[in-house]
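The values are calculated or read from the model by the stated rules, or taken from the named source; none is laboratory data. Keep in mind that what you see is a predicted model, and the values were worked out from it rather than measured. Note that we place each Cβ from the backbone using ideal geometry, even for glycine, and neighbour counts take in every protein chain shown. For the accessible areas, the whole protein counts, side chains as well, though only heavy atoms, and no ligand, DNA or RNA atoms are used. Shrake-Rupley method; radii C 1.70, N 1.55, O 1.52, S 1.80 Å.
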Amino acid sequence: MNIAVIGTGYVGLVTGAGLADFGNDVVCVDIAVHKIEALNRGEIPIYEPGLDKIVSRNAAEGRLHFSTDLPEAIRSSRAIFIAVGTPPKPDGSADLRYVEDVARTIAKYMDGPKLVITKSTVPIGTGRLIEKIIIDAGHEHKASIVSNPEFLREGSAIEDFMKPDRVVIGASDDEAVQLMKEIYAPLHSLEIPFVVTNVESAELIKYAANGFLATKISFINEIAVLCERLGGDVQDVARGIGLDSRIGSKFLQAGPGFGGSCFPKDTSAVADIARRYEYEFQIIEAVLRVNDDIKQRMIGKVAGAVGGDVKGKTIAMLGLAFKPETDDMRDSPTIPLIRGLQALGATIRAYDPEAMENSKAIFEDVTYCEDAYKTAEGADALVLATEWNEFRALNFSRIRKALRQPVIVDLRNVYDPQRMKAEGFTYVSVGRSNEARKRGV
Ligand code: UDX
């Protein structure tokens, strides 16, 4: 099928490349000329493992194109995916300006029946809003509105696209559902479940999924606080509850709080949507408060590890991105952590395998280093903030020699407390107060 994907950000690019790989003929459109020029030269603007290969393969085979010509893309496509940004406004609600602009442009240039699919995470009711914009333009042709939310994780987006747990299709007519099944034909034949529902339910599924996952994280982070106070081990508690199949073991990793482009934005957006419908979504409001609180607590954790006062101390940060396998710094827990430590008088040295460029736009007053060992040089504590694989197997005697004081603060519970002790470190992690005890597996 001929498809236009509007917006070549993270979601748009992965969607466009993935749909082309499914055998569709895809044009990815963006108003940013430099982005399209770069993509046409084979340069990928974001770091996402495997994306470059699938883009180059499909471009070479003639199924994937990049263009700035939106009217032509609208005319030549049967299905139009809207994947433009929906940034948060100061009050937490999603800014729909770009989605509305695209809807008006579709209304202006459509020359036949179109399937208009929202891929961006949009507030409930946006599908209807797009429909109204197009109907109000008084067209002879029909636009069928579909909500097809994405559940892509940064760092494993290609795998998530190619082998999703489910495909959600919110539509108001059978033809639209049929066309969506054609677009996703390879997944249909892999027997991936398709959840077919109305537009509003599909829009809510996206928010409910992210809200629920964020709830699991804030929940386990509060259990970690209790573990520290009561003498428990959060890893054991997570395993102990996660083996109950009704709970499930995923998303129970305690840490410095959730970040990224989705969870913070979507949880505050769903709280805002609820408020607009005169309901206070109490659980989500609490999840957000807990997350802010957990991020702040990490400052005290680092300060505590160096004797309570970081003034005049040097802190070495391993990892800056909000999670591994991405260069994304959006809402990274390292932002309030670094700012907080600097405000208390600490000097920060840092290294991240991919996120240093993006970090430089946020922090100028950080010394960026070329690897973990250089970062540790002369520091009073080493903080593991993002669990990149290359930090899992460090040479700890080199690290100890490089540090001024042998202190490790592990915000991701990656290292074995006993081993750290044996290596001569003062070791602090999250929710593992009982760290001397050997854990049974
Ligand atoms: C998330 C959703 O998983 C995805 O389905 C959605 O489409 C977009 O948002 P992403 O933001 O890429 O994906 O990352 P994810 O792996 O879900 O992690 C989000 C944050 O939660 C990270 O900061 C991560 O460190 C944190 N997290 C995750 C935890 O602290 N503990 C966990 O157990 C899992």
Next on the checklist: For region 115-128, give me each residue that is closer than 11 Å to Ile145 by Cα and open to solvent by 10 Å² or more (accessible area, probe 1.4 Å).
Outcome noted: Arg128
Checklist entry - Does at least one position in region 341-359 carry a residue that is out of contact with any Gly (no Cβ under 9 Å at 6 or more places or on another chain), modelled with pLDDT of 95 or more, among the basic types (Lys, Arg) and away from the ligand (no atom under 16 Å from the Cβ)? => result no
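I need the full set of residues from region 99-113 which are touching a residue at least 24 places away in the same chain (Cβ under 8 Å) and more than 14 Å from Val5 (Cα to Cα), in order please.
Glu100, Arg104, Ala107, Lys108, Tyr109, Met110, Asp111, Gly112, Pro113 - these are the residues of region 99-113 that are touching a residue at least 24 places away in the same chain (Cβ under 8 Å) and more than 14 Å from Val5 (Cα to Cα).
Taking helices (runs of 4 or more DSSP H) that do not extend beyond region 164-242, which have at least 1 residues that are at pLDDT 95 or above and open to solvent by 60 Å² or more (accessible area, probe 1.4 Å)? Before you say what the answer is, go through the steps one by one.
Values: elements: 174-183, 185-189, 199-230, 234-242.
Of the helices (runs of 4 or more DSSP H) lying wholly inside region 164-242, those with at least 1 residues that are at pLDDT 95 or above and open to solvent by 60 Å² or more (accessible area, probe 1.4 Å) span 174-183, 199-230, 234-242.
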Checklist entry - Which one is farthest from Thr334 (Cα to Cα) among residues in region 247-299 that are within 13 Å of the ligand (Cβ to nearest atom) and among the aromatic types (Phe, Trp, Tyr)? => result Phe251
Next on the checklist: Every residue in region 358-390 that is crowded, with 18+ Cβ neighbours inside 10 Å, within 21 Å of the chain's Cα centre (by Cα) and either under 11 Å from Gly319 (Cα atoms) or of a type in the set (Ser, Thr, Tyr) (or both), please.
Outcome noted: Ser359, Leu384, Ala385, Thr386, Glu387, Trp388
Item to check | Output for region 314-347, where each listed residue is over 23 Å from Gln253 (Cβ atoms) and open to solvent by 50 Å² or more (accessible area, probe 1.4 Å) | outcome: Arg339, Ala343, Leu344, Thr347
Checklist outcome for this item: Checked against (1) within 11 Å of the ligand (Cβ to nearest atom); (2) closer than 18 Å to Val414 by Cα, Lys206 satisfies every condition except (2)
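The rows are residues; the columns are (1) assigned to a loop (DSSP other than H, G, I, E, B); (2) within 21 Å of Asn2 (Cβ to Cβ); (3) away from the ligand (no atom under 16 Å from the Cβ); (4) free of Cβ contacts under 8 Å to residues at least 24 places away in the same chain.
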residue: Leu115; (1), (2), (3), (4): no, yes, yes, no
residue: Lys132; (1), (2), (3), (4): no, no, yes, yes
residue: Pro149; (1), (2), (3), (4): yes, no, no, no
residue: Gly155; (1), (2), (3), (4): yes, no, no, no
residue: Phe161; (1), (2), (3), (4): no, yes, no, no
Checklist entry - Is there any pair linking a residue in region 370-395 that is in the same structural domain as Met298 (by TED's automatic domain parsing) and free of Cβ contacts under 8 Å to residues at least 12 places away in the same chain to one that is open to solvent by 10 Å² or more (accessible area, probe 1.4 Å) and among the hydroxyl-bearing types (Ser, Thr, Tyr), with Cβ under 7 Å and at least six apart or on different chains, and which? => result none
Next on the checklist: Please verify whether Ile145 is more than 16 Å from the ligand (Cβ to nearest atom) and surrounded by fewer than 23 Cβ atoms within 10 Å (Cβ to Cβ), treating the condition exactly as stated.
Outcome noted: no
